[in-house]
Amino acid sequence: MTDKGSIAATGEFKGRLKEGVYRAIYARRDIRSQFLSDPIPEQVLARILHAAHHAPSVGFMQPWDFILIRRHEIREAVHAAFLRANAEATMMFSEEKREQYKSFKLEGVLDSPLNICITRDQERFGPVVIGRTANRIMDLYSCVCAVQNLWLAARAEGLGVGWVSIIHDRDVQEILHLPRHVVPVAYLCIGYVTHFPEKPELEAAGWIPRLPLDKLVFCDQWGKECKTEWPALHQEIITRKDK
Ligand SMILES: Cc1cc2nc3c(=O)[nH]c(=O)nc-3n(C[C@H](O)[C@H](O)[C@H](O)COP(=O)(O)O)c2cc1C
């Protein structure tokens, strides 16, 4: 095992190579408050876009497009749409939760130097695509895989990403001039950061805890816990907490 890591004949990543993949996964955070205004070098941006473009997709449909949004007027319009949707959202929470909800910063549209909208072209490669016959929504899932690839690659580059979903699709559709067959999937804010919080902000704020994994892993049928069916795995899962 070399210091830099290598790939074994079996295909397994060794050493630092493997560690790097897990590190990106565990150290990734959703970023809203920690953005710096420093520009993102083009080479870095191109690398993370390529990483996104190498996501898996149903029938190799590659249904995504990436709209890079720098212009202030456009971001102002998106921000205004967020404020409208967030005002509606605030009223959906119970009174006890509402004040805490209002204390959260849930977007970095104007603070980040770049926004990226990842969209879904529902007609790419025609009406019949391998794997998208029984479940037409698979193209959406493919786009989400691209989002995650971008998010992880960005983390490895030291870039924070925040997903802004408190916004109506129709607003994004109009502001970004999307054609009818193209719909927004993820509106992302991206940039360098002061720091990456160690835990999800909602967890740190006591809003929702991370659920214990052993309660979410079932054997053979929904609801059938591994504890009795597969005790060795259950033991590994519970002893291996975070990371
Ligand atoms: C589909 C999706 C939509 C999200 N929308 C928002 C959002 O509108 N505003 C926000 O602050 N965070 C948003 N998040 C971030 C989540 O709150 C965050 O992923 C979660 O709290 C876990 O934190 P972590 O990403 O730092 O691990 C979204 C995440 C996902 C996957």
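We did not get these values from a lab; they are worked out from the coordinates using the rules stated. No experiment lies behind these values; they were computed from the predicted model shown. When we count neighbours, we look across all protein chains shown, and the Cβ atoms used for this are built from the backbone with ideal geometry, even at glycine.
Odds and ends about this structure:
- Dipole of the range 48-186 [Lys/Arg +1, Asp/Glu -1 at C-beta], most positive-end residue of L49, P184, F60: F60
- Of the trypsin sites (Lys or Arg not before Pro) found in the range 1-71, the ones in coil according to DSSP and having at most 13 other Cβ atoms within 10 Å of their Cβ are K4, R70, R71.
- Among H79, H177, H50, sorting on how many other beta-carbon atoms sit within 10 Å of each Cβ, with the fewest leading, yields H177, H50, H79.
- Comparing Cα centroids, the range 137-160 and the range 109-134 end up 12 angstrom apart.
- The modelled label-to-label distance between H72 and A156, using points 7 Å beyond Cα along the C-beta direction, is 3.6 nm.
- D_trans [Stokes-Einstein, Kirkwood Rh over alpha-carbon pairs] for the chain, 37 °C, 0.692 mPa s, µm² s⁻¹: 161 µm²/s
- Computed from the C-beta positions of F93 and Y26, the FRET efficiency with R₀ = 35 Å rounds to 0.75.
- Dipole of the chain, positive direction: furthest Cα of S103, F93, F13, with charges on the beta-carbon: F13
- Computed lengthening from L233 to R180, 0.36 nm per intervening residue step minus Cα-Cα distance: 14.3 nm
- Sorted by Cβ density within 10 Å, fewest first, the residues T239, T90: T239, T90
- Taking the Cα centre of the chain as reference, the dipole from Cβ charges on Lys and Arg (+1) and Asp and Glu (-1) amounts to some 420 debye.
- Across K105/K215; K18/K224; K4/K215; K97/K199, pairs whose alpha-carbon gap is larger than 27 Å: K105/K215; K18/K224; K4/K215
- With both labels modelled 7 Å from their Cα along Cα-to-Cβ, the K105 to H53 distance reads 3.3 nm.
- For the chain, the relative contact order is 27 percent, taking Cα pairs closer than 8 Å that sit 6 or more residues apart in sequence and dividing their mean separation by the residue count.
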